Amino acid sequence: MRIALISPYESIASYGIRMLSSVLKQAGHETQLVFLPLHFRQSYSLATLNAICKAVSKAHLVGISLSTNYMQQAIILTRALKQHNGQLIIWGGIHPTIEPEECLDHTDIVCIGEAEATIVELVARIENKKDYHTTHGFGFAHEGEKLINSIGPLITDLDALPYPDYDCRNHLILSDEQLVPLTTPILARRLEGQYITMSSRGCVYNCTFCCNSFLKGLYQGDRWFRRRSVPNLIAELEWVKREHPYFTEIYYDDDAFLQRSEEDIAQFCEAYKEKIGLPLVITGITPLTLTDTKLRCLIDAGLAWLRMGIQTASDRVNRDIYNRPIAHKETENAIEIIRRYKDQMGPVRYDFVLDNPWETTEENLRTLKLMLRLPRPYAINTYSLTFFPGTQLYERAKCEKLIDDTVCDIYAKSYKELRNSYVNRLFMFYCLSQLPPWVLRLFINPFVLATRLNYPLWYGYVACRELKRRLRNLRHRLKRPTS
């Protein structure tokens with residue numbers, strides 16, 4: 001059976017559909033991957049939709065992966081595929097898992113939860129013309145009704161799964177409103193040479209802004225956080241070096257990579273250094289999981305850089321709003337560990353969450369003060385708190401009437417776009433413009449804030465920087481030799 005899987009995301013890493021493709025191939029099916037790397041606010045042109053419909057016209061089943069922000073794109077794609085090809089369409093990803101009934105207003109089938117253990121059964125039933133509407137782990141729009149079946153089994157043995165599908169022979173990518181073959185040079189350039197994979201699934205925490213708490217409830221009674229074994233991790237990377245040598249960096253995009261013992265990390269690092277030897281990137285680190293021993297081992301193995309989530313310097317917000325069991329002193333301890341090794345790796349990326357309606361200005365300023373103590377060089381990722389469906393904060397925001405329009409306030413909102421506020425401008429200016437620490441200290445000085453001198457000082461400083469930039473440009477123009 002032929003199955004086309006479509007990824008609408010900006011990144012073409014698309015771990016989910018690559019895993020499903022490998023599972024389906026393993027079961028003897030033919031897959032086709034289509035990557036449409038556009039921002040979720042960009043619309044598909046008529047030429048693009050026609051090209052997509054033509055490219056997947058021979059598929060018996062078309063799957064579309066989507067998160068909440070990509071709901072509208074999925075609707076447009078599904079409508080076009082139905083109109084042109086009349087195909088059976090299935091949606092998968094976090095949004096259909098959380099809002100299956102809403103999604104069934106637009107598609108034939110939704111996948112609920114992890115699909116590697118259930119997709120093969122569904123496809124087999126469709127191929128053999130058997131009734132597939134009772135398949136666990138899926139919801140169906142059938143004869144004017146919506147059927148939501150019970151969840152499928154959680155995958156407990158991650159080592160049993162195949163590696164993600166990077167066989168580009170039947171992969172297409174959108175380019176100038178047309179679909180072209182995704183060649184290995186294009187793949188390497190788009191991913192900047194990074195092989196993006198995961199060493200675990202799930203998370204041990206229950207952060208109220210994250211979908212992991214919903215997924216834990218979905219698989220109630222099962223162990224949501226699962227790890228792959230170290231031998232399995234190394235075997236995958238040896239396969240990458242052998243079969244895909246155009247990848248020059250290994251990138252683990254886990255929620256909790258360091259949720260392993262120091263012995264486990266040491267075993268991984270020893271094997272990685274001996275058999276892999278490529279630059280290594282680790283994300284999903286929290287202050288509680290970082291230790292001196294773990295970081296030292298990773299640096300010795302070739303750690304290029306890491307990303308750690310701080311979110312806020314407020315113990316109250318972490319504890320009472322985000323349900324994160326991370327105290328400020330533990331964050332400070334992790335920062336001190338990084339300080340010891342900052343010259344032995346690239347700049348650390350730190351995550352902060354802003355635009356929290358329950359966080360006070362004083363707490364925001366405390367977070368700014370924390371930034372002053374971060375060992376340079378570093379990079380900052382700032383995120384606007386977004387109440388995604390399925391999260392605990394979504395339910396609280398609804399109860400407190402903080403959501404006026406779900407589509408405008410959530411679906412169409414970019415979590416990377418911050419509100420226009422004084423504190424947010426300080427965050428962005430300090431992070432992007434390398435604002436000198438003494439200037440930031442001046443802007444958040446209690447006397448300056450109390451006497452409302454902050455805005456005149458801010459605009460004065462910005463004006464001086466702009467004047468300095470223009471004078472520098474003028475000086476360069478005057479120095480240019482005339483022809």
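Each row is one residue, and each column tells you yes or no for (1) open to solvent by less than 30 Å² (accessible area, probe 1.4 Å); (2) under 23 Å from residue 421 (Cα atoms); (3) within 26 Å of the chain's Cα centre (by Cα).
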{"site": "353", "(1), (2), (3)": "yes, yes, yes"}
{"site": "361", "(1), (2), (3)": "no, yes, no"}
{"site": "367", "(1), (2), (3)": "yes, yes, yes"}
{"site": "372", "(1), (2), (3)": "no, yes, no"}
{"site": "375", "(1), (2), (3)": "yes, no, yes"}
{"site": "381", "(1), (2), (3)": "no, yes, yes"}
Being within 21 Å of residue 380 (Cβ to Cβ) and outside any helix (DSSP H, G or I) is true for just one of 324, 340. Which residue is that? 324
Taking helices (runs of 4 or more DSSP H) that fall entirely within segment 203-294, which contain at least 3 residues that are touching a helix residue (DSSP H, G or I) at 6+ places or on another chain (Cβ under 6 Å) and more than 27 Å from residue 383 (Cβ to Cβ)? 230-243, 262-275
Enumeration of residues in segment 268-290 that are farther than 28 Å from residue 323 by Cβ and either of a type in the set (Ser, Thr, Tyr) or open to solvent by 40 Å² or more (accessible area, probe 1.4 Å) (or both): 270, 272, 273, 274, 275, 277, 279
Taking the criterion of being of a type in the set (S, T, N, Q) and within 19 Å of residue 404 (Cβ to Cβ), would at least one residue in segment 352-370 satisfy it? yes
Could we say that residue 293 is buried (at least 18 other Cβ atoms within 10 Å of the Cβ) and either of a type in the set (Ser, Thr, Tyr) or modelled with pLDDT under 95 (or both) here? no
So in segment 334-346, with the set limited to residues that are in contact (Cβ under 8 Å) with a residue 24 or more places away in the chain and open to solvent by 80 Å² or more (accessible area, probe 1.4 Å), which one is nearest to residue 375 (Cα to Cα)? 339
On the given criteria, is residue 18 closer than 21 Å to residue 165 by Cβ and at pLDDT 95 or above? yes
Limited to segment 207-245, what total is found for residues that are open to solvent by 30 Å² or more (accessible area, probe 1.4 Å), modelled with pLDDT of 95 or more and either hydroxyl-bearing (Ser, Thr, Tyr) or on the phi > 0 side of the Ramachandran plot (or both)? 1
In segment 345-369, anything among the aromatic types (Phe, Trp, Tyr) and under 30 Å from residue 302 (Cβ atoms) is listed as 350, 352
Tally up the residues in segment 137-166 that are in contact (Cβ under 8 Å) with a residue 12 or more places away in the chain, of a type outside the set (A, V, I, L, M, F, W, C), touching a strand residue (DSSP E or B) at 6+ places or on another chain (Cβ under 9 Å) and open to solvent by 50 Å² or more (accessible area, probe 1.4 Å), please. 3
Is there a residue in segment 387-410 that is surrounded by 11 or more Cβ atoms within 10 Å (Cβ to Cβ) and at positive phi? yes
Residues being free of Cβ contacts under 8 Å to residues at least 60 places away in the same chain and under 21 Å from residue 181 (Cβ atoms) - total across segment 31-49: 2
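Yes/no per residue for (1) under 18 Å from residue 62 (Cβ atoms); (2) over 21 Å from the mean Cα position of the chain (by Cα); (3) among the small types (Gly, Ala, Ser):
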| site | (1), (2), (3) |
| --- | --- |
| 105 | yes, yes, no |
| 116 | no, no, no |
| 145 | no, yes, no |
| 163 | no, no, no |
Might you let me know whether segment 167-175 holds any residue that is of a type in the set (Lys, Arg), more than 21 Å from the chain's Cα centre (by Cα), open to solvent by 30 Å² or more (accessible area, probe 1.4 Å) and closer than 30 Å to residue 323 by Cα? no
Hey, does segment 444-464 have a residue that's at pLDDT below 75, of a type in the set (A, V, I, L, M) and not in a helix (DSSP H, G or I)? yes
Out of (1) out of contact with any Lys or Arg (no Cβ under 6 Å at 6 or more places or on another chain); (2) open to solvent by 20 Å² or more (accessible area, probe 1.4 Å), what's the single condition that is false for residue 349? (1)
The lone exception for residue 254 - which of (1) open to solvent by 20 Å² or more (accessible area, probe 1.4 Å); (2) within 23 Å of residue 158 (Cβ to Cβ); (3) charged (D, E, K, R) it fails: (1)
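The values are calculated or read from the model by the stated rules, or taken from the named source; none is laboratory data. A quick note: this is a predicted structure, and the numbers were derived from the prediction, not measured. Quick reminder, even Gly has a Cβ in these numbers, built from the backbone with ideal geometry, and neighbours come from all protein chains shown. Ligands, DNA and RNA are excluded from the accessible area calculation, which covers all protein heavy atoms including side chains. Shrake-Rupley method; radii C 1.70, N 1.55, O 1.52, S 1.80 Å.
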